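J.: Dropping the structure in here first, questions after.
Just so you know, all these numbers are worked out from the coordinates, no wet-lab data involved. All values reported here derive from a predicted model rather than from experimental measurement. Heads up, the Cβs are rebuilt from the backbone with ideal geometry, glycines too, and the neighbour counts pull from every protein chain shown.
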Amino acid sequence: MLAKRIIPCLDVKDGRVVKGTNFVNLRDAGDPIESGLRYSEEGADELVFLDITASSDRRNIVADMVRRVADSINIPFTVGGGLRSVADIEHILRAGADKVSINTSAIENPRLIQESAERFGSQCIVVAIDARREAEQKSSAKVFTHGGRVRTDLDAVEWAGRAAALGAGEILLTSMDADGTKAGYDLDLTSRISTSVKIPVIASGGAGTLEDLYLGLTKGAASAVLAASIFHFREVTIPQAKAYLRERGVLVR
Amino acid sequence: MGNLFSVKQACEQVGLNAIITNSKKTILASSAVILPGVGAFGDAMQILEQLDLVQVIQELANSGKPVAGICLGMQLLMTESHEFGRHRGLGLIEGEVTRLSVDTHLDRPLKVPHMGWSRIYSADSIDEQVPVGAWKGSLIEDLPNGTFMYFVHSYYPKPESPDVRLSLTRYGSLEFCSSFQKRNIFGCQFHPERSGPRGLAIYRKLAASIHSLQEQHSYD
């Protein structure tokens, strides 16, 4: 039986963690390797690094960070942000990432999902979906690109199904409505997508409490829960989360 | 792809000097061989044949030096595979490699690949409280029964002899052999280099077995 996964997410810019982590005893809270290592030692099941570097030398900066992470961390990690082509993906995988996540580029060019899945295997292609509910019709959620700035006409549930059919190995679903609220994941949207695709769904956006993690994995039917700030600021630690979930009957590592 | 580097990195973390190579000479001169592997069985065997490495690995295995296969590398140790046609393997462990397919219990297809953290159990007992006698002397000796390891695979090996099986793993209602050891030949379907500290313990054990072999030789 597969264990449900807990995944801390680190936003990085120019090879440094931004939004800050609040670990005690870290020499350098901005170092992605130190933060990543700490999470991995605490029992995180996987890590996600989302890159928001804007520099023209982005490709090399990111690959360099990936190489350093791969050199010291013994759990799987995903790298996303700005990957536009099969060559970009190959560059990151060769640097040592286990998986890549693609978002805007997959929507602009869905063949990228298929081509990279055929080339590197579905297991390393994560399609990230940023979804927001419509103001007039709350039941429907649309997909946004460019870090949530551009609305598309794609329905989130339909797009998830199409991405899976094209060969995506996982869906990383972020609810833009819930993101940053700490009021819990969008359980209804998460469960609609989780039950409609045959690939694992990672719930993201809105986690504020231990119970939110539990609900994401049960009501939301997600295979994994991703969170950033609650872990960074030590509101919840990975061992606490594991103990809580185990107590409530969820299979965790 | 990433696998090669993470294997090398895990070796370095436990003090093993790992070389990524396809040179016969280097391989024969080494004290142990790790066969990693991501990709398809047929392609991998074809490359080993082209490089004339099939016999080299077989010789090495017969010489008593540790040979460890990881993921596809484990599958390559078997007699044959049914991945995209029928392909002959290295034949160091008798049995075939077959695709994860149907959950017979629930009568529905299994999700493939099997990706994520699953437990490895002793082939003798699934009871976590039971100390694992069968693991004694193997590379997974230091792990508790039921340890979670990280898997990414669509095929699994079916060794003919139950005696070589170290651990079993359940996926759906399927129970498959997730690691085996026959004398100096070890294979695991999971990725110890991606399985945190418990995974690293396997590399540590490998390092220890290499060192103890070297000591034996220095006494000879």
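J.: Using a simple spin-label model with points 7 Å from Cα along the Cα→Cβ vector, what separation in nm is obtained for A:Lys182 and A:Arg151?
T.: Going by the 7 Å Cα→Cβ label model, 2.9 nm.
J.: Related question: Can you list the aspartates and glutamates whose alpha carbon sits under 12 Å from that of A:Lys182, skipping same-chain ones fewer than 8 residues off?
T.: A:Glu211, A:Asp212, A:Glu235
J.: Provide the per-residue ³J(HN,Hα) series for the range B:184-198, in order, calculated from phi with Karplus coefficients 6.51, -1.76, 1.60 and θ = phi - 60°, each as a whole number of Hz, with x at glycine and proline positions.
T.: 8, 9, 10, x, 9, 7, 7, 10, x, 6, 10, 10, x, x, 5
J.: Let me ask something else about it. Over the range B:4-219, calculate the relative contact order: mean separation of alpha carbon pairs under 8 Å at least 6 apart, over the residue count, as a percent.
T.: Taking the mean separation of contacting Cα pairs over the length of the range B:4-219, I get 21 percent.
J.: Based on the Cα gyration tensor of the range B:4-219, what are the three equivalent ellipsoid semi-axes, each the root of five times an eigenvalue, rounded to whole Å and given largest first?
T.: They are 26, 22, 15 Å, listed largest first.
J.: Another one. Given H placed on each backbone N at 1.01 Å, which residues far from A:Phe77 in sequence or on other chains put an amide H within less than 5 Å of it?
T.: Answer set, sorted by chain and number: A:Leu47, A:Asp98, A:Lys99.
J.: Could I ask something else about it? Compute the FRET efficiency between B:Glu215 and A:Lys198 as 1/(1 + (r/R0)^6), taking r as their Cβ-Cβ distance and R0 = 56 Å, and round to the nearest 0.05.
T.: That pair, B:Glu215 with A:Lys198, gives E of 0.60.
J.: Then there is this: Among the lysines, which fall within straight-line cross-link reach of B:Lys24, defined as a Cα-Cα distance under 18 Å, with same-chain neighbours fewer than 8 residues apart omitted?
T.: Straight-line reach from B:Lys24, under 18 Å: B:Lys65.
J.: Follow-up question, since we're still on this one. So for the range A:83-164: antiparallel DSSP bridges make up what percent, rounded to the nearest 5?
T.: 70 percent
J.: Can you work out ³J(HN,Hα) from phi for every residue in the range A:103-118, in order, using Karplus 6.51 cos²θ - 1.76 cosθ + 1.60 and θ = phi - 60°, giving whole Hz and x for Gly and Pro?
T.: Along the range A:103-118, the couplings run 9, 4, 5, 6, 6, 5, 9, x, 5, 4, 5, 5, 5, 6, 5, 5 Hz.
J.: Per residue of A:146-156, count partner chain C-beta atoms within 10 Å of its C-beta, then hand back the mean as an integer.
T.: 0
J.: Now a separate question. Using the beta-carbon distance between A:Asn22 and A:Ser56 and R0 = 45 Å, what value does 1/(1 + (r/R0)^6) give for FRET efficiency, to the nearest 0.05?
T.: 0.90
J.: Follow-up. Sorted by mean Cβ packing within 10 Å, highest first, what order do the peptides A:86-95, B:149-158 take?
T.: Averaged packing, sorted descending, gives the order B:149-158, A:86-95.
J.: Read phi for every residue in the range B:161-173 and hand back ³J(HN,Hα) as whole Hz from Karplus 6.51 cos²θ - 1.76 cosθ + 1.60, θ = phi - 60°, with x for Gly and Pro.
T.: 8, x, 5, 7, 5, 8, 10, 10, 9, 9, 9, x, 9
J.: What does the extension gain come out to for B:Gln13 and B:Glu94, with contour length at 0.36 nm per residue minus their alpha carbon separation?
T.: Between B:Gln13 and B:Glu94, full extension yields an extra 25.9 nm.
J.: Next question, about the same structure. Using 1/(1 + (r/R0)^6) with R0 = 25 angstrom and r between the beta carbons of A:Lys138 and A:Glu235, what's the FRET efficiency to the nearest 0.05?
T.: With R0 = 25 Å, the Cβ-Cβ based efficiency is 0.30.
J.: Return the long-range amide H neighbours of B:Leu143 (sequence gap of 5 or more, or a different chain), with a cut-off of under 5 Å between placed amide H atoms.
T.: none
J.: Continuing with this model, one more query. Sort all Cα-Cα distances of the protein assembly as shown into consecutive 10 angstrom bins from zero, then give the percent of pairs in each bin up to the one containing the longest distance.
T.: 4, 20, 31, 26, 14, 4, 1, 0, 0
J.: Which of the aspartates and glutamates could a cross-linker bridge to B:Lys182, judged by Cα under 19 Å and excluding same-chain residues fewer than eight apart?
T.: List returned: B:Glu59, B:Glu80, B:Glu94, B:Glu96, B:Asp124, B:Glu141, B:Asp142, B:Glu160, B:Asp163.
J.: State the three equivalent ellipsoid semi-axes of chain A, derived from the C-alpha gyration tensor as the square roots of 5 times its eigenvalues, in descending order and whole Å.
T.: 24, 23, 17
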